[in-house]
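The values are calculated or read from the model by the stated rules, or taken from the named source; none is laboratory data. All of these numbers come straight from a predicted model, not from anything done at the bench. Here Cβ is always computed from backbone atoms with ideal geometry, including for glycine, and neighbour counts include all displayed protein chains.
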Amino acid sequence: MDSRQAIKATIDTADKFSKTYLEDLTDEEMMKRPDPGCNHINWQVGHLIASDHAMISGCVPGALPELPEGFAGKYTKEAVGSDDPADFHSKAELMAAFESQRSAIVETLATMTDEDFDKPAPEAMQSYAPTVGAVFSMIGSHWLMHTGQWVVVRRQLGREILI
């Protein structure tokens, strides 16, 4: 297994968990917070999509399709306190953006070389991902980190254990 295959395996695992945990949630349930001090699932998913886009676009400019107009602005730290569904995208819109971005990330990953991965990440990312390879590695692990919170919401809603 080479580095691209290892990174893709982590992304694939994150995608499986994320889609499994989200598939039966309604738009209303996506607005639920696992705790009053936590972000609701809708914001988390939008944040993850916007983060993926910013990280990969920072390393490989032009590799990903643009996000829908105004998308990233709905998922900033300033927007996190809102519980108004009108301030965010619907689950269907989020999942469409996710699929578009994820497909392009996987395609871009397949073109990367070990030399590409060894290049320094953009300066703004170096505190958490010093190289381009580390940025690509963050994609799956970032999603997995958030799915733990979704499990809490699923339990609060009385949903069955899926994984």
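Quick notes on this structure:
- Residue check: Pro61 meets all listed conditions (1) part of a helix (DSSP H, G or I); (2) of a type outside the set (A, V, I, L, M); (3) out of contact with any Phe, Trp or Tyr (no Cβ under 6 Å at 6 or more places or on another chain) but one, namely (1).
- Test: residue in region 91-101 that is surrounded by 19 or more Cβ atoms within 10 Å (Cβ to Cβ), under 15 Å from the mean Cα position of the chain (by Cα), modelled with pLDDT of 95 or more and among the aromatic types (Phe, Trp, Tyr): yes
- Sub-8 Å Cβ pairs linking a first residue in region 58-74 that is within 21 Å of Asn42 (Cβ to Cβ) and modelled with pLDDT of 95 or more to a second residue that is of a type outside the set (D, E, K, R) and not in a helix (DSSP H, G or I), at least 6 apart or interchain, are Pro68/His89; Phe71/His89; Gly73/Ala79; Lys74/Phe88; Lys74/His89, ordered by first then second residue.
- Selection of region 19-47 for residues being touching a Ser or Thr at 6+ places or on another chain (Cβ under 6 Å) and either within 17 Å of Glu78 (Cβ to Cβ) or not acidic (Asp, Glu) (or both) yields only Tyr21.
- Pairs meeting the criteria (first residue in region 1-24 and under 12 Å from Ile163 (Cα atoms), second residue exposed (fewer than 12 other Cβ atoms within 10 Å of the Cβ) and at pLDDT below 95, beta carbons under 8 Å, at least 6 apart or on different chains) are Phe17/Ile163; Thr20/Leu162; Thr20/Ile163; Tyr21/Leu162; Tyr21/Ile163.
- Matching option when the condition is surrounded by fewer than 19 Cβ atoms within 10 Å (Cβ to Cβ) and out of contact with any Pro (no Cβ under 8 Å at 6 or more places or on another chain), among Glu28, Glu69: Glu69
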